[in-house]
Amino acid sequence: MKLLFYVSKLYSLPVVQPLVNEADMRKAEIAFIVSARVRRHFPEALSGFQIFTDMRDAIAFNPDFVLCPGNFVDFRLPGIKVELFHGIGIEKPSHYKIRHFFDLYLTSGPVVTDRFKEMEEEYRYFRTVETGWPKIDHILSYDTTNIKKRFNLPRDKKIILYAPTHSKTMESASAILPKIETIMKPEEVWFCKPHEFMNRELLQELRRKQVKLIDDYDITPYLHLADVLISDTSSVIYEFMVLDKPVITYRTLSRRDKGIDIQSVTELRNALDRSLSGPDEFSPQRHRHLTEVNPRLDGSISKGIIDLLLTIDSTQPMGKGRKPLNLFRKMQILYHSYFRKGYLR
């Protein structure tokens, strides 16, 4: 079995890491097609595999499956195109947008599966299988031995992680950042993981604050370090909930009982104190939501995905219908390929 991982963003690497590990143990032939930026920062742990930045090389590799943790994949690549998703963004309309590139959608849990099954009936050319999201394996298996010492953090400090999204209708940074230093306490260490597309002015303001800025593409170690997560409607919330730790959301759009949802920044300090003093308060709600969002928490999601791929004949179509021509999006792919070298859409 030949697998090609299509990775355009650095933050997608932890999504595919456990799949690569599992596929490698099964003796699959593995390669990557990556953007120029991903290539520059490609992790040593994955450097033993073939890494392409030229689409012609990736096409010549002739994969059976192209696994993509993103919204787009190059239609010229041979093989079954598999959507892994770059996050558990179940509240975002874009999470359910069909762009007519993929043959197989691997969903995280029932709330997503049900929506895609309906669209599968409508379009008829793709298949939907609920497997769980592979990054969950990465989070659960992450080595936390002496983690505070490794990050040079005092053992007695509480760690607060702020991870906002960038979407204009969902973001919290414009409200929280101006007040953040009035909320912090001396016995706390605050980290912030800005979204890759955060507004530049907000990012500059963040750099002036007494907050540790996370430049690492993988937020996983900071999920383990943090005692509380502050966010809005970011998919990182569900990643953090896997660790059964308290969440504070700012005007979140749905599932407001997964933690303390505040409507004003003036409520944030009280919400933090409440979360730190009673971290188990919303644990039943967290578990209930995960049964709908990503119920598989046994560390075997990647194993299940590779098991599934081994049952599929990659030379046969996944559905009964035909993909739309999709000319506009195909032209976008070609434009980026020919005029923006090293950029993957």
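The values are calculated or read from the model by the stated rules, or taken from the named source; none is laboratory data. Owing to the predicted nature of the structure, the values given are computational and were not obtained by experimental measurement. We place every Cβ from the backbone using ideal geometry, glycine too, and count neighbours over all the protein chains shown.
I'm told residue 320 meets every condition in (1) exposed (fewer than 12 other Cβ atoms within 10 Å of the Cβ); (2) without any contact (Cβ under 8 Å) to a residue 12 or more places away in the chain except one. Can you identify the failing condition by its number?
It fails just one condition, (2).
Mind telling me which of the residues 72, 101 ends up being in a loop (DSSP other than H, G, I, E, B), touching a residue at least 40 places away in the same chain (Cβ under 8 Å) and surrounded by fewer than 21 Cβ atoms within 10 Å (Cβ to Cβ)?
On the way: 101 fails: surrounded by fewer than 21 Cβ atoms within 10 Å (Cβ to Cβ).
On inspection, the qualifying residue turns out to be 72.
Assess whether residue 31 counts as being part of a helix (DSSP H, G or I), without any contact (Cβ under 8 Å) to a residue 60 or more places away in the chain and either closer than 20 Å to residue 216 by Cβ or touching a strand residue (DSSP E or B) at 6+ places or on another chain (Cβ under 6 Å) (or both). Please lay out each step first, then the result.
Details: part of a helix (DSSP H, G or I): no; without any contact (Cβ under 8 Å) to a residue 60 or more places away in the chain: yes; either closer than 20 Å to residue 216 by Cβ or touching a strand residue (DSSP E or B) at 6+ places or on another chain (Cβ under 6 Å) (or both): yes.
Answer is no for this residue.
Could you count how many residues in the range 40-69 are surrounded by 15 or more Cβ atoms within 10 Å (Cβ to Cβ) and in contact (Cβ under 8 Å) with a residue 60 or more places away in the chain?
Adding up the residues that qualify gives 9.
Does the range 291-300 contain at least one residue that is among the β-branched types (Val, Ile, Thr) and in contact (Cβ under 8 Å) with a residue 24 or more places away in the chain? Working first, answer last.
Keep residues of the range 291-300 that are among the β-branched types (Val, Ile, Thr), which gives 291, 293.
If we keep only those that are in contact (Cβ under 8 Å) with a residue 24 or more places away in the chain as well, we get 291, 293.
Yes, the range 291-300 contains at least one residue that is among the β-branched types (Val, Ile, Thr) and in contact (Cβ under 8 Å) with a residue 24 or more places away in the chain.
With 261, 257, 307 as the choices, which residue is out of contact with any Lys or Arg (no Cβ under 8 Å at 6 or more places or on another chain), free of Cβ contacts under 8 Å to residues at least 24 places away in the same chain and either under 25 Å from residue 92 (Cβ atoms) or not in a strand (DSSP E or B) (or both)?
Result: 307 is the single residue among 261, 257, 307 that is out of contact with any Lys or Arg (no Cβ under 8 Å at 6 or more places or on another chain), free of Cβ contacts under 8 Å to residues at least 24 places away in the same chain and either under 25 Å from residue 92 (Cβ atoms) or not in a strand (DSSP E or B) (or both).
Select, from 182, 145, 165, 113, the only residue that is free of Cβ contacts under 8 Å to residues at least 24 places away in the same chain and closer than 23 Å to residue 249 by Cα.
Exactly one of 182, 145, 165, 113 is free of Cβ contacts under 8 Å to residues at least 24 places away in the same chain and closer than 23 Å to residue 249 by Cα, namely 182.
Which count do you get for residues in the range 27-36 that are exposed (fewer than 15 other Cβ atoms within 10 Å of the Cβ) and either more than 23 Å from residue 343 (Cα to Cα) or within 19 Å of the chain's Cα centre (by Cα) (or both)?
The total comes to 1.
For every residue, the table says whether it meets (1) assigned by TED's automatic domain parsing to the domain that holds residue 89; (2) out of contact with any His (no Cβ under 8 Å at 6 or more places or on another chain); (3) not in a helix (DSSP H, G or I); (4) not aliphatic (A, V, I, L, M).
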{"position": "266", "(1), (2), (3), (4)": "no, yes, no, yes"}
{"position": "272", "(1), (2), (3), (4)": "no, yes, no, no"}
{"position": "280", "(1), (2), (3), (4)": "no, yes, yes, yes"}
{"position": "284", "(1), (2), (3), (4)": "no, yes, no, yes"}
{"position": "318", "(1), (2), (3), (4)": "yes, yes, yes, no"}
{"position": "331", "(1), (2), (3), (4)": "yes, yes, no, no"}
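Residue by residue through the range 108-146, note down the ones that are of a type in the set (A, V, I, L, M, F, W, C), in contact with a strand residue (DSSP E or B) (Cβ under 9 Å, 6 or more places away or on another chain) and not in a loop (DSSP other than H, G, I, E, B).
As a first pass, look at the range 108-146 and keep what is of a type in the set (A, V, I, L, M, F, W, C): 111-112, 116, 119, 126, 129, 133, 136, 139-140.
If we keep only those that are in contact with a strand residue (DSSP E or B) (Cβ under 9 Å, 6 or more places away or on another chain) as well, we get 112, 116, 119, 126, 129, 133.
Passing the criteria: 112, 116, 119, 129.
Would you please list the contacts, defined by Cβ atoms under 9 Å and residues six or more apart or on different chains, that run from a residue in the range 228-254 that is in the same structural domain as residue 90 (by TED's automatic domain parsing) and farther than 19 Å from residue 188 by Cβ to a residue that is part of a strand (DSSP E or B) and of a type outside the set (Phe, Trp, Tyr)?
So the pair list comes out empty.
Among the residues of the range 102-143, write down those that are polar (S, T, N, Q) and either under 27 Å from residue 76 (Cβ atoms) or touching a Lys or Arg at 6+ places or on another chain (Cβ under 9 Å) (or both).
If we filter the range 102-143 for residues that are polar (S, T, N, Q), which is where we start, we get 107-108, 113, 128, 131, 141.
Matches in the range 102-143: 107, 108, 128, 131.
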